[in-house]
1. Please specify each residue of region 61-99 satisfying the condition of being more than 22 Å from residue 156 (Cα to Cα), assigned to a loop (DSSP other than H, G, I, E, B) and modelled with pLDDT of 95 or more.
2. What do you reckon, is residue 88 surrounded by fewer than 19 Cβ atoms within 10 Å (Cβ to Cβ) and either outside the structural domain of residue 52 (by TED's automatic domain parsing) or within 19 Å of the chain's Cα centre (by Cα) (or both)?
3. Can you tell me which of (1) under 30 Å from residue 206 (Cβ atoms); (2) out of contact with any strand residue (DSSP E or B) (no Cβ under 6 Å at 6 or more places or on another chain) is the one residue 374 doesn't meet?
4. On the given criteria, is residue 136 touching a residue at least 40 places away in the same chain (Cβ under 8 Å), out of contact with any helix residue (DSSP H, G or I) (no Cβ under 8 Å at 6 or more places or on another chain) and within 24 Å of residue 59 (Cβ to Cβ)?
5. Considering 155, 195, 202, 160, which residue is over 14 Å from the mean Cα position of the chain (by Cα), under 27 Å from residue 137 (Cβ atoms) and crowded, with 17+ Cβ neighbours inside 10 Å?
6. Residue check, residue 360 against (1) surrounded by 14 or more Cβ atoms within 10 Å (Cβ to Cβ); (2) free of Cβ contacts under 8 Å to residues at least 40 places away in the same chain; (3) assigned to a loop (DSSP other than H, G, I, E, B), all met but one. Which one?
7. Would you confirm whether or not region 171-193 contains a residue that is over 25 Å from residue 341 (Cβ atoms) and assigned by TED's automatic domain parsing to the domain that holds residue 351?
C-alpha cells in the first residue's frame, strides 16, 4: 500500500497542469490534516515571493519564507511550515503549509513533496502561462520576455560545481544574457554583453545564443563555437551589429578552464579571499568582421575557487555621476565568500540597486561559478 508521500507525489503527476497546487492541497488535507497549502514563487528580481493565488507578497528580509528560500531547508514558525520548492539547484519559491505536523518523519516527507512540486513546475512550464504569469510583480517588456525565455535557468548545482546568474533590470533587460550546459564531464558557460536597444538587442542576443548552442551540440571546440556564432551574426548584419561574449569550458575532472574572450565581460577570480581579474586575450566581438579566427586560453582552477563574470553595466552603474567602479565591485565580491552563488549574485545586484537608488538603467549581467573540485 502506498504511503502519504507517494499519494501526494501521484497527485502531482496526475493533476492537470493548471491544478498542481489545488490537487496537492486536497491530498495533503486527506493524508496529513493540512488545511492550508499555498505556493509562493520568487519573482524575476529575486526580491519578492509572490503567492500563486494572488494576495500580499513577501518582501521582508528575515521572514520565515525568505529564511526557507535562502537556506533551502524547511522552516517551522508559529504553526506554519515553509518548504523550499526547486529542482537541481534551481530555486523556484517556497510552499506554505498549515497546520504543520509535529512528526519529524512527516516533515521530511513534506520536504520531499515540495521538491517534487518543483520538478512538476519545470515539466509544465512550456505548456501553461499560469506559473510564469504569477512570478511577475509587473509586466515584462517584450525584449525582457524574450531574454528570460532564452535562459537555461537561474541556478544549477552538481557535486563538482555550483552556478547562478541574474539579469538586471529584470523586467526591462534588453541584450545581456547567459547560457550553460553540462554533460557530467564538462560544463559550458557563455555570457553575452548585448548591444543595441529594445527588441533589436534581444534578437541579436537570441541569434548568438542559438548559434553557440548549435555549435556546442555539434560537439565543436570552444574556438569553433565562437567562430560559428561570429559567422552567423556577420552573415545577417555584415558587421553593422555585433556583440561581446565570454565563452568558458570547464573540465569537471581536472578543473581545467578553457576561455574565449570575444570582447567579453569582465572575468574575476575569488581565491582565498583575494580578488584578481583574469587577464584575457581580447579578441573581436562576435559579428564584427568576417572570418575571425578565435583562440582559446587555458587556466587551472583550484578547489574552492569562485569565478564571477560581470558585464560593463555593473561597473558603469552610476548615481549622480559617480560610477560603482572596479574598487567597489572588488570590495563587495570579497564579502561573498561564505554565500552560495545565487545568494552572491542576488546580493551584488541588490547592492547595485541600493547604489543607484532604484533599478539599473543599463543592462547588467552577473554570473557566479564555484568550482568545488572533481568528484568520484
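1. 63, 99
2. yes
3. Here residue 374 meets the rest and fails (1).
4. Details: touching a residue at least 40 places away in the same chain (Cβ under 8 Å): yes; out of contact with any helix residue (DSSP H, G or I) (no Cβ under 8 Å at 6 or more places or on another chain): yes; within 24 Å of residue 59 (Cβ to Cβ): yes.
Spelling it out, residue 136 is indeed touching a residue at least 40 places away in the same chain (Cβ under 8 Å), out of contact with any helix residue (DSSP H, G or I) (no Cβ under 8 Å at 6 or more places or on another chain) and within 24 Å of residue 59 (Cβ to Cβ).
5. It is 202.
6. (2)
7. Narrowing region 171-193 to residues over 25 Å from residue 341 (Cβ atoms): none.
No: zero hits.
The values are calculated or read from the model by the stated rules, or taken from the named source; none is laboratory data. All values derive from a computational prediction rather than experimental measurement. As a convention, Cβ positions derive from the backbone with ideal geometry for all residues, glycine included, and neighbour counts pool all protein chains shown.
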